[in-house]
Amino acid sequence: MTVPIDVKAATRTFLAHVEEHLVTYLEACVHCGQCADACHFHEASGDPRHTPAYKLFPIAKAYRAQKWPLSWLGLGPAITERDLKEWEELLFDTCTLCGRCTTICPMGIDIASIVGTARQAFVKAGLGPTDLLAAADSSRDHGSPLGVTAEKLKDRLEWLADEHEINIPLDKDKADILLTVSSIELMKYPDSVVSMAKVLNHAGVNWTLSSKGYEATNFGYLAGKADIAKLMVERIVDAAKLVGAKTVVIPECGHAYSALRWSAANMLGYPLPFTVLHISEYMAQLKREGKLKLAPFTQSITYHDPCQVSRRGGATADARYLLQDFATDFREMTPTGNLNWCCGGGGGVQAISRAADLRYKVFKIKMDQVEKTGAKTLISACSNCRLTMDESKAHWKWEGGLGSLVEIIADNLVEAPPSAGNGV
Amino acid sequence: MTLLDFARGPALSFAYAVFVFGVAWRLVSLLLLPRNKELSQAKPGAPSVFSAAVLGFVRHLWPQKAYLRGTLFATLNGYVFHLGLAIIVFGLAQHILVFQSLFGINWPNLPSSLISVAAVVTLASLVVALVRRLTSPVLRLISTGNDYIAWFVTTLPVITGLLAVSHLGAPYETLLAIHILSIALLLIVFPFGKLMHAFLVFLTRTGTGIFYARRGAEI
Ligand code: SF4
Ligand code: SF4
């Protein structure tokens, strides 16, 4: 890379974000190495460098260096350009911020929280995978990482509405529910968008999309660009305020949920004036309220918990509740739920092309898990997981089917036009 | 002043002071760091902060079933030397006398033969921990000087204590002095490195428990 690496900026940025719990995490690690067993990257590669605790080394060093009395005595170990270069790959390509290592750590250290903060420091130093950073910049400049501008959104929604003979409201003046989308869905899995519309129409709620704030994915957040992360959040918050939405629904995207549900208020500095629900949580709520009429779905399926929705999002039970009495041949993987293995592409890793081989290796864990259940199709509630799994599936020429939770629900709504088939 | 006088007197007093001030300094400097106010909405039905903290602590006492195959041995070994150390420190009659003189409280002691067994088992367990650290590729990579120093200052008092009790190699008074000095070393090192985890574990586990509980997650 020709751009000089700014070690000082990295240190400064990390220190600016130093908070009590992060430092306590850094100082408490007993280097027991158990977290290696929980991380899918280590499981897939067997490379000791993929041990979660190791990923934090430069950050721990940066913090120690400035601490009294070491700094005062001039004994603090300084982080070097070499550290930053080596760890760039570890912090971006080999951490999906999935939180699985937290579940095994005897000290209860939440590595993912620190990695998220560490990424900001690396970006400030002029590091970070170019494609991931470009996705963030595109979100800022065009409204979405895949370049879906407001006009493109309008075109695409009109096309989808025509094609599927369905009403997809955009920019209604007032609505109770503001629906957001992920551009991965818009471009690669448009049926998912149609499915959300079908479910909302079926439930008879007052909803809309908004051209002011539609992109739910937050690549600013994933790429460690705090300003873009905040901008993406502001767009949705402004749109929600404009239509007076009481609830903002996040599509099938785990990190989008995490960013708006848990981080947004802290980025903005005030509580959000609406409730944020992931589409699976929202559908579970509709089901509880008796607003979802479903025909039984009989194909054999298993469910992949998106890390940010289940383990780190607390919606593990909602997906099960939706599948209960609906998916008649639902089989759990082992392990599942809060201990589910990650798809390998979360936390922005999907957007890093040089990490592809590693992602493929990680997916082998999943293939194995699915095969053990004997289920024909692997359903998920995250289009980013789905894209990662689709690509890995192609790589391994895997026969298993992939699908989406909202799509199987939408396809089996009773009375929902145009058809109530059993397709995935 | 004999070596024993020195060990019992100035050495130990200095070590106590370093330990108390060191631990206090470490904890205060952590707790004084900024803490951002959490502004996101908690999940409806999330447990109270108190129960979240307790649950967080308890949940990480033992690995979940999915992890047991890989972690059972290390976890058991960890428990063996932690409990072994506790039995030795709080169970031996002579140690209880020290606590009595420091805090004015005492409790019934355990038979010294049992303490000896505990010490041998603890020592073996510490050796196993070291061998694992030196042989597992993951542990070798992530181990730093800090880990080895912590191991050394923890193991030394166990060895010197065993020697003192068995009167091996030197006059009892000398052995006792060496044992006390090794404890002084442990106390002096304690606040500045990995041994602090004995206190920090209460912050990390509870903190993580609270972090996830408000999200409605159970980890
Ligand atoms: S499991 Fe926890 S304490 Fe052990 S090495 Fe990993 S982060 Fe550190
Ligand atoms: S958060 Fe997930 S990907 Fe990152 S180190 Fe932990 S287990 Fe590995």
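Bear in mind that the values in this text are calculations on the coordinates, not laboratory data. All values derive from a computational prediction rather than experimental measurement. Note: ideal-geometry Cβ built from the backbone for every residue, glycine included; neighbour counts use all protein chains shown.
If you take the alpha carbon atoms of the stretch A:177-230 and fit the smallest convex hull around them, that volume is 83 Å³ per residue. Pairs of alpha carbons in the stretch B:5-67 separated by more than 17 Å make up 71% of all such pairs. Computed from the alpha carbon positions, the gyration tensor of the stretch B:59-129 leads to an equivalent ellipsoid with semi-axes of 30, 15, 8 Å, biggest first.
Compute the angle between helix B:172-189 and the longest alpha-carbon principal axis of chain B, please, reported from 0 to 90 degrees and rounded to the nearest 10. Approximately 20 degrees, to the nearest ten. Each of A:311, A:156, A:359, A:288 has some number of other Cβ atoms within 10 Å of its Cβ, and from fewest to most they run A:288, A:156, A:359, A:311.
Here is the tail figure for the stretch A:7-128: Cα pairs spaced more than 16 Å apart come to 58 percent of all pairs.
In this simple spin-label approximation, residue A:9 and residue A:332 carry label points 7 Å from Cα along the Cα→Cβ vector, and these lie 4.8 nm apart. With coordinates expressed along the principal axes, the C-alpha atoms belonging to the stretch A:85-163 extend over 54, 31, 15 Å, beginning with the largest. Inter-chain Cβ neighbour count for A:280-286, averaged per residue, equals 0 (cutoff 10 Å, partner chain atoms only).
Given that compact globular proteins tend to follow 2.2 N^0.38 Å, what is the ratio of the alpha-carbon Rg of the stretch A:141-259 to that value? Provide the component values of the computation, followed by the final result.
Values: Rg = 13.3 Å, N = 119, 2.2 N^0.38 = 13.5 Å.
Working it through for the stretch A:141-259, the quotient is 0.98.
Built from the Cα atoms of the protein assembly as shown, the convex hull projects on average onto 31.1 nm², one quarter of its surface area.
Ellipsoid semi-axes for the stretch B:96-219, based on the Cα gyration tensor and the rule √(5λ), read 32, 21, 15 Å when sorted largest first. Here the scattering of chain B is modelled by Debye summation over its C-alpha atoms, one equal scatterer each and no solvent; at q = 0.08 Å⁻¹ the log10 of I(q)/I(0) is -0.38. Shielding by partners for peptide B:187-200, expressed as the average number of C-beta atoms from other protein chains within 10 Å of each residue's C-beta, is 2.
Greater than 24 Å separation of Cα atoms is the criterion. Which listed pairs, A:366/A:397; A:154/B:43; A:55/A:397; A:246/B:43; A:376/B:43, meet it? Among A:366/A:397; A:154/B:43; A:55/A:397; A:246/B:43; A:376/B:43, the Cα-Cα distance tops 24 Å for A:154/B:43; A:55/A:397; A:376/B:43.
Its Cα gyration tensor gives the stretch A:301-411 an equivalent ellipsoid. The semi-axes, each the square root of 5 times an eigenvalue, are 22, 15, 12 Å from largest down.
Selection among A:159, A:275, A:207 by position relative to the dipole of chain A gives A:275 as farthest towards the positive end (Cβ unit charges, Cα centre).
Each of A:135, A:105, A:51 was placed along the dipole of the stretch A:28-156 (beta-carbon charges, centred on the mean Cα), and the one lying farthest toward the positive end is A:105.
Among A:59, A:177, A:5, a tally of other beta-carbon atoms within 10 Å of each Cβ gives an order, fewest to most, of A:5, A:177, A:59. The residue A:397 and residue B:131 beta-carbon pair, evaluated with R₀ = 30 Å, returns a calculated FRET efficiency of approximately 0.10. Each Lys and Arg adds +1 at its Cβ and each Asp and Glu adds -1 at its Cβ; summed about the Cα centre, chain B shows a dipole of about 1000 debye. Give me the angle, in degrees from 0 to 90, between the Cα long axis of helix B:49-59 and the longest principal axis of the Cα atoms of chain B, rounded to the nearest 10. That works out to roughly 60 degrees. Of B:82, A:202, A:278, the sequence from fewest to most neighbouring Cβ atoms within 10 angstrom is B:82, A:202, A:278.
With an a/c value of 1.5 or above and a/b not larger than b/c for the gyration tensor axes a ≥ b ≥ c computed over the alpha-carbon atoms, the stretch B:1-106 is described as oblate.
I'd like to compare B:105-116, A:397-408, A:208-219, B:174-185: which one has the highest average count of other Cβ atoms within 10 Å, and what's the full order after that?
Working: B:105-116: 12.7, A:397-408: 19.2, A:208-219: 24.8, B:174-185: 21.0.
Highest to lowest by the protection proxy: A:208-219, B:174-185, A:397-408, B:105-116.
Two tests apply to each whole DSSP H helix in chain A, Cα reach of 18 Å or more along its axis and mean Kyte-Doolittle hydropathy of at least -0.5, and the ones passing both are A:111-124, A:190-203, A:226-243. Round to the nearest 0.05 the FRET efficiency obtained for residue B:62 and residue B:3 when R0 = 51 Å and r is the Cβ-Cβ distance. Given R0 = 51 Å and the Cβ-Cβ separation, E is 0.70. Peptides B:153-162, A:103-112, B:92-101 ranked from most to least packed give A:103-112, B:153-162, B:92-101, packing being the mean of other C-beta atoms within 10 angstrom over each peptide's residues.
If you take each beta carbon of peptide A:49-58 and count the beta carbons of other chains within 10 angstrom, what is the mean?
Per residue, the number of nearby Cβ atoms from other chains is 2 on average.
Computed about its Cα centre, the charge dipole of the stretch A:301-411 is approximately 460 debye, with only Lys, Arg, Asp and Glu carrying charge at their Cβ. Taking 4.7 Å between beta carbons as the limit, the unpaired Cys residues of chain A are A:29, A:32, A:39, A:95, A:105, A:253. The charge dipole of the stretch A:1-142, taken about the Cα centre with unit charges on the Cβ atoms of Lys, Arg (+1) and Asp, Glu (-1), comes to about 440 debye, rounded to the nearest 20.
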